[in-house]
Amino acid sequence: MKCSFKYFTILFFVFGTMCTSAQEFKKTATAGFVFLEVPSSSRAASLGESGLALADENSSAVFNNPASLGFSEYQHSFSASYAQWLADIKNYASSYAVKTDIGTFGIGLVLFDYGSMPRTVIAQDKQVFDVVGTFDAKSMAVGATYSKMLTNQFSFGTTLKFVQERIDIYSASNIVLDAGVLYYTGLGSLRMAAALQNFGANSKFINDEFKMPAVFKLGLAGELLGDASSEQRLTVTAEARHPNDGNEKISIGAEYSWNNSIALRGGYKFFYDEESYSIGIGINPQLPMPVIVDIAYVNYGRFDNILRMTIQVGMN
């Protein structure tokens with residue numbers, strides 16, 4: 001059985017590399033549906049998006065690595081997230097997961113609301129434009145996830161997502177796949193993870209065809225201090241990503257937790273055009289029903305900085 005896990009992981013790595021292999025031409029900004037590349041949870045955002053190998057994300061794992069959902073500690077878990085994105089765009093995300101005897105099932109929703117914009121037509125003198133109303137634009141992704149722990153050290157997960165972008169009466173939609181694995185190596189608390197996200201056929205908007213923003217990720221995580229049950233815990237994370245619409249990127253993060261009540265987080269991204277550092281905090285007031293509030297502050301250089309808030313609820 002252990003050999004099967006190793007072969008499966010190796011094949012997954014090879015498959016992901018083939019699917020997102022580099023191309024000879026410059027590939028920056030060659031994919032559509034780029035809203036799928038935005039983090040949907042505050043914890044992931046505050047760690048510099050380096051949390052691929054975290055095993056305690058509960059329902060939020062549907063947005064990051066579906067394999068971590070198999071390690072969920074709650075029978076039922078829920079999350080809701082909100083961020084005022086760049087250019088006054090509103091970003092909402094929500095997830096729910098339930099653990100059963102045959103595995104853990106989850107659903108996730110991501111919505112970007114671009115707001116209303118004036119609709120204009122050329123005036124009769126053809127020198128000015130007349131406003132004749134408004135139109136709006138939205139992006140949405142809805143996914144169903146299945147994850148299972150095959151042993152107490154290894155899990156896998158898959159997510160099938162329906163994605164759509166719409167502006168006025170025009171729209172584009174597609175079906176994409178996420179797949180991931182998570183493995184406890186046995187070297188202390190070291191975890192290794194791999195995931196392939198947003199893999200699917202090309203889509204088309206009116207007459208323009210474009211590819212999906214597929215990305216292959218490798219991640220590591222482990223505790224330098226304590227463990228999940230310790231009063232003090234220091235977790236470090238690292239992640240490398242190979243997107244099909246840009247150059248390779250690396251991010252690192254760290255999380256210090258005291259008494260599982262307060263968590264301080266920070267992260268840094270390398271080889272990004274504008275994004276750099278991020279910080280965050282998690283608060284667990286130890287209520288009878290576990291409720292965690294996560295807040296992340298992400299620096300976007302010359303653009304507005306982003307403040308994201310997530311609420312997580314768990315129940316056994």
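The values are calculated or read from the model by the stated rules, or taken from the named source; none is laboratory data. No experiment lies behind these values; they were computed from the predicted model shown. Quick reminder, even Gly has a Cβ in these numbers, built from the backbone with ideal geometry, and neighbours come from all protein chains shown.
Which condition from (1) of a type in the set (Asp, Glu); (2) within 22 Å of residue 54 (Cα to Cα); (3) modelled with pLDDT of 95 or more is the one that residue 113 breaks?
(2)
Is it true that some residue in the range 92-110 is touching a Lys or Arg at 6+ places or on another chain (Cβ under 8 Å), more than 28 Å from residue 151 (Cα to Cα) and either modelled with pLDDT under 95 or part of a strand (DSSP E or B) (or both)?
no
Out of all the residues in the range 99-111, is one or more more than 17 Å from the chain's Cα centre (by Cα), of a type outside the set (S, T, N, Q) and loosely packed, with under 15 Cβ neighbours inside 10 Å?
yes
Yes or no: residue 54 more than 23 Å from residue 246 (Cβ to Cβ), buried (at least 16 other Cβ atoms within 10 Å of the Cβ), touching a residue at least 24 places away in the same chain (Cβ under 8 Å) and of a type in the set (A, V, I, L, M, F, W, C)?
It is true that residue 54 is more than 23 Å from residue 246 (Cβ to Cβ), buried (at least 16 other Cβ atoms within 10 Å of the Cβ), touching a residue at least 24 places away in the same chain (Cβ under 8 Å) and of a type in the set (A, V, I, L, M, F, W, C).
Tell me which residues, restricted to the range 243-273, are in a strand (DSSP E or B), in contact (Cβ under 8 Å) with a residue 40 or more places away in the chain and surrounded by fewer than 20 Cβ atoms within 10 Å (Cβ to Cβ).
252, 254, 266, 268
If a residue must be assigned to a loop (DSSP other than H, G, I, E, B), of a type in the set (A, V, I, L, M, F, W, C) and touching a residue at least 60 places away in the same chain (Cβ under 8 Å), how many such residues does the range 281-304 contain?
Number of matching residues: 1.
How do the pairs read when you match residues in the range 135-160 that are without any contact (Cβ under 8 Å) to a residue 40 or more places away in the chain with residues anywhere that are among the small types (Gly, Ala, Ser) and surrounded by 17 or more Cβ atoms within 10 Å (Cβ to Cβ), using Cβ under 8 Å and keeping only pairs 6 or more apart or on different chains?
142/108; 144/106; 160/143
Among the residues of the range 71-85, which ones are part of a loop (DSSP other than H, G, I, E, B) and in contact with a strand residue (DSSP E or B) (Cβ under 6 Å, 6 or more places away or on another chain)?
72, 74, 75, 85
Does the range 44-58 include one or more residues that are among the small types (Gly, Ala, Ser), modelled with pLDDT under 90 and at positive phi?
no
Name the single residue, out of those in the range 118-138 being aliphatic (A, V, I, L, M) and in a strand (DSSP E or B), that is nearest to residue 102 (Cα to Cα).
The initial filter retains those residues of the range 118-138 that are aliphatic (A, V, I, L, M), namely 121-123, 128, 131-132, 137.
Next cut, in a strand (DSSP E or B) only: 121-122, 131-132, 137.
Numbers: 121: 57, 122: 60, 131: 57, 132: 55, 137: 40 Å.
Once the filter is applied, the top-ranked residue is 137.
If I ask for residues that are aromatic (Phe, Trp, Tyr) and over 21 Å from the mean Cα position of the chain (by Cα), which ones from the range 142-183 would you list?
Selection gives 170 alone.
In the range 260-307, what residues are small (Gly, Ala, Ser) and at pLDDT below 90?
If the condition is that a residue be small (Gly, Ala, Ser) and at pLDDT below 90, then 301 is the only one that fits.
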